[in-house]
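Laboratory data are not the source of any read-out in this text; all were calculated from the coordinates shown. The structure presented is a predicted model; accordingly, all values stated were derived computationally and were not measured. Glycine gets a Cβ as well: all are built from the backbone with ideal geometry, and neighbour counts include every protein chain shown.
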Amino acid sequence: MLKKAEEAGAEVVIFNEGNWKRVATRGTYLKNVSLPETALESKKVVYTCCMKTHRFAKFTFSLKLAVGFMVPRERMQLHIRHLEEKVSDLNLVVHPHLIIMDGRKCFISGGPATGDLRNPGLVLASGDRVALDVEALKTVAAFNGSSLRNDPWSYTQIRRAVELGLGVKNEQEYEVVDS
């Protein structure tokens, strides 16, 4: 993937190889976090993520991907309590311009490392984390045996992200385009 990005002319930056900066999130559940300076200074950030359930956070889609920006020693503390709320608070300071989610395969239960695997056979892309995660939730929920059976808008990560203005507020604010 790195080779392809470089061949396309993208500047690839490995965040763990630079300096870290402590920043205030302005969140309620996560007040401060250490992030790579290069991530904070980047002109454009493109996420590539997978469609997976998560035993602690319910799911790990585009909102949860922001945890990968954190200095590793802070990630474990994030999981102690209010994980889903903290994930959304973290997204107040991490802003992707484009998210590409690999949904060719997905976990419908378990996760994030192992789980019940299914094959939706799709790739989702958006600049809106909430819309993308809602559509991924619908995809995972459509499989028998899925651990994500609730209304997508009822999950804590989504509700909190909507409260914080991180994306759309409802399905009327976006359109799904099938290609």
Can you bin region 44-110 into rounded, prolate or oblate? Criterion: square roots of the alpha carbon gyration tensor eigenvalues sorted a ≥ b ≥ c, rounded for a/c under 1.5, prolate for a/b above b/c, oblate for the rest. oblate
Within region 138-179, trypsin sites (Lys or Arg not before Pro) in DSSP loop having at most 16 other beta-carbon neighbours inside 10 Å: Arg149, Lys169
Taking H placed 1.01 Å from N in the peptide plane, check which residues at least 5 places from Trp20 or on another chain put their amide H under 5 Å from its amide H. Glu37
A correct fewest-to-most ranking of Val168, Val134 by other Cβ atoms within 10 Å would be Val168, Val134
Which residue fluctuates most in the GNM of the chain (Cα springs below 10 Å): Ala142, Ala113, Ala39? Ala113
Whole-Å distance, taken between Cα centres, linking region 93-127 and region 139-179: 13
Go through region 131-146 residue by residue and turn each phi into a ³J(HN,Hα) via Karplus (6.51, -1.76, 1.60, θ = phi - 60°); whole Hz please, and just put x for glycine and proline. 4, 5, 5, 4, 5, 5, 4, 4, 4, 5, 5, 6, 8, 4, x, 5
Just from its helices, what would the mean residue ellipticity at 222 nm be for the chain, if runs of 4 or more DSSP H residues each count -39500 (n - 2.57) and the sum is divided by every residue, rounded to the nearest 500 deg cm²/dmol? -7500 deg cm²/dmol
Given Cβ charges of +1 for Lys and Arg and -1 for Asp and Glu, the option among Gln172, Ser88, Ala39 whose Cα lies farthest towards the positive end of the dipole of the chain is Ser88
Could you give the size of the charge dipole of region 2-170 about its Cα centre, using +1 on the Cβ of each K and R and -1 on the Cβ of each D and E, expressed in debye and rounded to the nearest 20? 400
Which of Lys31/Lys64; Lys138/Lys169; Lys43/Lys64; Lys4/Lys44; Lys21/Lys43; Lys64/Lys138 have a Cα-Cα distance over 19 Å? Lys43/Lys64
Let a ≥ b ≥ c be the square roots of the eigenvalues of the Cα gyration tensor of region 2-170; is it rounded (a/c under 1.5), or, if not, prolate (a/b larger than b/c) or oblate? oblate
Footprinting exposure proxy for Ser126, Ser62 (fewest neighbouring C-beta atoms within 10 Å first): Ser126, Ser62
Once you have the Cα-Cα distance between Asn150 and Leu2, take 0.36 nm times their residue separation minus that, and quote the gain in nm to one decimal. 49.6 nm
Loop trypsin sites (Lys or Arg not before Pro), region 22-83 (other Cβ atoms within 10 Å of the site Cβ: 15 or fewer; DSSP): Arg26, Lys31, Lys43, Lys44, Arg55, Arg81
